[in-house]
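Below is one structure; the comments refer to it alone.
The values are calculated or read from the model by the stated rules, or taken from the named source; none is laboratory data. What you are looking at is a predicted structure, and each value in this text was computed from that prediction instead of being measured. Here the Cβ positions follow ideal geometry from the backbone for every residue, glycine too, while neighbour counts run over all protein chains shown.
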There are 2 protein chains.
Amino acid sequence: MEIPRQQFQSKLPIIKEAIDECDFIAIDTELSGLHRPGGSKRLDTLANRYTEYKEATERFLIIQFGMCTFTWDEKGGRYMAKPFNFYIFPTSMTGKIQPNRIFMTQAQAFDFLAKQSFDFNRWVYQGIPYLTVTEEKEYIAEAERKLNDDLPEIRIDEKEKQFVENAKEKIKKWVEDPKESLDPDGVNIDTRNAYQRRLIYQEVRKSFPNLTAEGRSGFIRVVKFNEKQRKKRIKEQQSRIKKDCEDAVGFRKVIDMISASRKVVVGHNMLLDICHVISQFIQPLPEDVQEFKKLANQIFPHMIDTKYLTLTSPDLQVEIGSGTALENLRFETNQEKFKNPYVDMSIEFPRYLHDKEHEAGYDAYITGLVLLKLHSYLEIQANPPPPEEPEEEEKEEEEEEEIPEEEQKHRGNTDGWDISDDEEGEDAAWLESEEEDQINQDDDEEDIYNYGSTRYPILDENGKPTSIIADYINKVVMVRTAYVCFNFTDPETIDSTGDAFHIINTARNPLPSPSVLLDLFSEFGKCIIDTPNKNVEENAYETFVVFENLKGEANAIKQKMAEKLTAQQEDIQIQTIAEYSEKLLLKNNK
Amino acid sequence: MEIPRQQFQSKLPIIKEAIDECDFIAIDTELSGLHRPGGSKRLDTLANRYTEYKEATERFLIIQFGMCTFTWDEKGGRYMAKPFNFYIFPTSMTGKIQPNRIFMTQAQAFDFLAKQSFDFNRWVYQGIPYLTVTEEKEYIAEAERKLNDDLPEIRIDEKEKQFVENAKEKIKKWVEDPKESLDPDGVNIDTRNAYQRRLIYQEVRKSFPNLTAEGRSGFIRVVKFNEKQRKKRIKEQQSRIKKDCEDAVGFRKVIDMISASRKVVVGHNMLLDICHVISQFIQPLPEDVQEFKKLANQIFPHMIDTKYLTLTSPDLQVEIGSGTALENLRFETNQEKFKNPYVDMSIEFPRYLHDKEHEAGYDAYITGLVLLKLHSYLEIQANPPPPEEPEEEEKEEEEEEEIPEEEQKHRGNTDGWDISDDEEGEDAAWLESEEEDQINQDDDEEDIYNYGSTRYPILDENGKPTSIIADYINKVVMVRTAYVCFNFTDPETIDSTGDAFHIINTARNPLPSPSVLLDLFSEFGKCIIDTPNKNVEENAYETFVVFENLKGEANAIKQKMAEKLTAQQEDIQIQTIAEYSEKLLLKNNK
């Protein structure tokens, strides 16, 4: 379902319903540009990477946001997907005090989107605006200042003094004898520009506190309100401010609803998406990466990255391997072994969207679909269902044959998404017959086709992730770094399959600074130094040295590094990441 | 005529022909954003304003460029207009080494364009790319480095050493006995990425200097060329580079052609357009405004600003007054007194464009049309034609009646622009009959309808502006400053209608610094200090103080300022701008 600017407010209840009822929400974004590419750099520290992403959020915008909710349908034995696609544009056409935004565009990003048939006209003409929380507060404060005439007094230009005097004279005359005037209900002051209008408001406020000035097109009308009229006018103004503000807050409402639901948010390689969502709709990202983690976790308490899940689950690595691009996961999960659960698209949702890779709404749908398939596979691997009797299996196949014709139309190799071109007409026919169906709904319950899928919830009744998925919650892929993942709730761990070394020293003697270490080790290859950390438990300082290209065998190099370190400072211990990981595992298993 | 990306190269000859044949060229641009608005500031210095514009050119892009050529048609007694509309987008889809451009967009600018039905899809999908002169040189140098294998040697990663060894072995085997091989003409090395491909090129160059490596999709083919084949290959590569480069230089060719023609370039309030055109297509703007003037004057030797012309010509001020917006000038010049000359649109030009205000091609057309009308009016005022005999006038009216039907279709209240919806079909009919017409063209010459307009050239036979227009050449409007205009060839003059003062001192004693002067005069109102200048002729230092809002009468304030100045420094003289201008006029008239 594409939500254009003009329908956004009226469609909010449908969006809210989808979020409220669902099991989880998949998201995706399209951006006006990507963060600076690393160039030849193949390894990055956590702090650098976060700074890069933070800077990207200050430059580029989300121009399309995709959201797809997935809801278990008990009667149908399937999940129902509701994909939404939103173009996002910071227009100043709605709302009167919309900030004037300037953002960056990367020509290559638009070229990429053009290859996917992105509609730039819909973006500018139909895109939904937004305000962050701070911007909303400023908006309201400014509107209230205006409402209360609480504006700083402005100086009257030499040129406008006569204009103001004439206006005051005219108002005075009318006040003295309104009935003698041609217009006994009020007096109009013609104005040529905003400056003159502001002067008139100011003069009425100062010199005629009992009168009210109302802006009209090309003039200001000065009238005398009684108490009732005055109250009515204030009420009208307040409700207009509220309406304008709601229009201006715009798309942030959707993010607020997702956050308020506390539901699982699924993405694919989602770190940059999350950075942009928070920065654009909630607040600018904090300087410190640890602060960011806290903030993100407050907003989205349960995130799952389908790329991270595939890359780190041993079971999935066996089945899928290194091809973890979204399109590839979609292809792989079409295999028979990923057939549970069946996922269908809700009838009133965008069947006009065929295969639309890289449209955010479509990618969100595929991401959620992939998560359902992968998660279900892991659950089945962990707790295989009892082997079925051959007869039963036959029976099941028979059942498959019995899928009613209407239902079959919504099945395809990608479940409910791929549909025939003449779908629309058939939808209409189906919708027409719905009314009739509803009358008999209660009696017909046994007629609803059940796909017999098994539901595996991600969160248990207490809102905690189930054991199978718990390891993958709030961890997202962070490529070209020394880390296994970006971890929203815990410190990152160094990738133990790389060429890395752990260095530790007593708390009495801090480690040499990263730049000293870099100089010291440069002859062994290009490397990065992890931010040195005080390990409280061990009462020691520790850090990791990670090589892009280690010039030699790890154990031999370790010896040479140890010699250099000891020459520099006594009592430093060094071990390979393999040794370190092994010890950690032993300790944790104790 | 709209020129899309895919047709740009093939349409260049038509564009060149239009420029070569024309009397002058009108231009207009649409931008991705406007320079920072001055806010409440109502006066600006020249240096500040230039810096503001320069910064704007570094942020925002021309996204649409309009050009309209105007050519005198002797036989038809009219001008023929050829409007062109170009969307400009720095795509990297054409050309292989297109720089990756990041630019800024101001949401309000896109909102404004959306109100004028701007087509953002055409912009991204059809927009023409460009390279500046420097970028073109870099492009060619880079391409030649690649062609000559003049690339820095790269290190072979530990992981890829075996891959390189295997490839060398395979090539060696083939070299030793190509006929024994399955493929006697060459040997293919499979590669998985750009890094592996680069390594293979490097190894072939180093270890097999007689062989040539050619990139294919997914592999590299290594072959042995004889001298003839080798030369042919280099020739092919060079012509491909040339072709790629021409595609990448793209729209700059049009600007180069306009500049090379040395013809008059007309704009409406054109300073910002000229800044953007030079910065985007030629070179970044220089720091110093005087350098910019020289550069701009070299590129466009004769500029005319229709807004400046209208605002400063006493004759036009009488007729038109202060409504100098382009739409207003168009409206005013529809009056009978502006009827000379008749302007028609060339038959093959975009009759599909109806009234399209703020489409750059349309605005360029209107700008040129307005210039023809205004200039002709000034010429007629200066040299009124002898009064016509009443009979002759009648005769002329009769002639009007005799306009052939086809011609009439192209007339309307805006001359040749407004046309009926069924134009296309009729155009086609006309075009079909053209062939026939051409056969008899020489005999039919007397049949061509002559509109009887008078041509008033802007430049004389020596390429110098004629006396009527000379005062308006290379001067463009610069609003919200203390100056009459931005002057591309001379120093700016202070607007003598404002509240300004001229301060002068002997060369022995320079004036106090601008900041000291600002402090000194702040009590008299908000003011700016013009950059102090050494007046060689007078052997003195001079500057202007210009007030936004002078708090009192000019002569009284002059006295107070003089007292303050004398207290600060002796021998300083001050006069009002009115006094200064009068003296200057007297001196110049001597």
**Item:** Filter result (surrounded by fewer than 20 Cβ atoms within 10 Å (Cβ to Cβ) and more than 12 Å from chain B (Cβ to nearest Cβ)) within the stretch A:117-142
**Value:** A:T132, A:V133, A:T134, A:E135, A:E136, A:K137, A:E138, A:I140, A:A141, A:E142
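When you go through B:E399, B:E388, B:E357 one by one, which is the residue that is out of contact with any strand residue (DSSP E or B) (no Cβ under 7 Å at 6 or more places or on another chain), surrounded by fewer than 18 Cβ atoms within 10 Å (Cβ to Cβ), assigned to a helix (DSSP H, G or I) and at pLDDT below 70?
Testing whether each residue is out of contact with any strand residue (DSSP E or B) (no Cβ under 7 Å at 6 or more places or on another chain), surrounded by fewer than 18 Cβ atoms within 10 Å (Cβ to Cβ), assigned to a helix (DSSP H, G or I) and at pLDDT below 70 leaves just B:E399.
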**Unmet requirement for A:K293, which otherwise passes all of (1) modelled with pLDDT under 95; (2) within 18 Å of the chain's Cα centre (by Cα)** = (1)
**Asked** If A:W174 passes every condition in (1) in contact with a Leu (Cβ under 8 Å, 6 or more places away or on another chain); (2) in contact (Cβ under 8 Å) with a residue 40 or more places away in the chain but one, which one does it miss?
**Response** (1)
**Fill in**
Subset of the stretch A:549-590, residues in contact with a Gly (Cβ under 9 Å, 6 or more places away or on another chain) and either assigned to a helix (DSSP H, G or I) or at negative phi (or both), comes to A:N549, A:L550, A:K551, A:I557, A:K560, A:I577
**Prompt:** Which residue, of A:N269, A:N297, is surrounded by fewer than 21 Cβ atoms within 10 Å (Cβ to Cβ) and at positive phi?
**Reply:** A:N269
**Fill in**
Here the residues within the stretch A:145-184 that are exposed (fewer than 10 other Cβ atoms within 10 Å of the Cβ) and either on the phi > 0 side of the Ramachandran plot or of a type in the set (K, R) (or both) are A:K159, A:K179
**Request:** Considering every residue within the stretch B:534-548, establish whether at least one is part of a helix (DSSP H, G or I), modelled with pLDDT of 85 or more and either surrounded by 13 or more Cβ atoms within 10 Å (Cβ to Cβ) or within 14 Å of chain A (Cβ to nearest Cβ) (or both).
**Result:** no
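Report yes if A:N148 is at pLDDT below 80 and more than 14 Å from every other protein chain (Cβ to nearest Cβ), otherwise no.
Taking the combined requirement at face value, the residue satisfies it.
Can you tell me which residue within the stretch A:549-563, out of those that are away from every other protein chain (no Cβ under 14 Å) and in contact with a Phe, Trp or Tyr (Cβ under 8 Å, 6 or more places away or on another chain), is surrounded by the fewest Cβ atoms within 10 Å (Cβ to Cβ)?
A:K560
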**Message:** Every residue in the stretch B:246-266 that is out of contact with any strand residue (DSSP E or B) (no Cβ under 8 Å at 6 or more places or on another chain) and at pLDDT 95 or above, please.
**Reply:** B:K253, B:I255, B:D256, B:M257, B:S259, B:A260
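Test A:F70 against the criterion of being more than 24 Å from B:Q116 (Cβ to Cβ), touching an Asp or Glu at 6+ places or on another chain (Cβ under 6 Å), of a type outside the set (D, E) and more than 14 Å from chain B (Cβ to nearest Cβ), and give yes or no.
Details: more than 24 Å from B:Q116 (Cβ to Cβ): yes; touching an Asp or Glu at 6+ places or on another chain (Cβ under 6 Å): yes; of a type outside the set (D, E): yes; more than 14 Å from chain B (Cβ to nearest Cβ): yes.
Here the answer is yes, as A:F70 does meet what is asked.
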**Fill in**
Across the stretch B:177-193, the tally of residues that are closer than 19 Å to B:Q162 by Cβ and without any contact (Cβ under 8 Å) to a residue 24 or more places away in the chain stands at 2
**Request:** Those residues that are surrounded by 13 or more Cβ atoms within 10 Å (Cβ to Cβ) and over 21 Å from B:R480 (Cα atoms), I need them from the stretch B:567-579; list them, please.
**Result:** B:Q568, B:Q569, B:I572, B:Q573, B:I574, B:Q575, B:E579
**Request:** Kindly establish whether B:F110 is within 7 Å of chain A (Cβ to nearest Cβ) and closer than 28 Å to B:S10 by Cα.
**Result:** no
**Request:** Give just the number: which of (1) at pLDDT 90 or above; (2) away from every other protein chain (no Cβ under 13 Å); (3) under 30 Å from A:Q290 (Cβ atoms) does A:E55 not satisfy?
**Result:** (2)
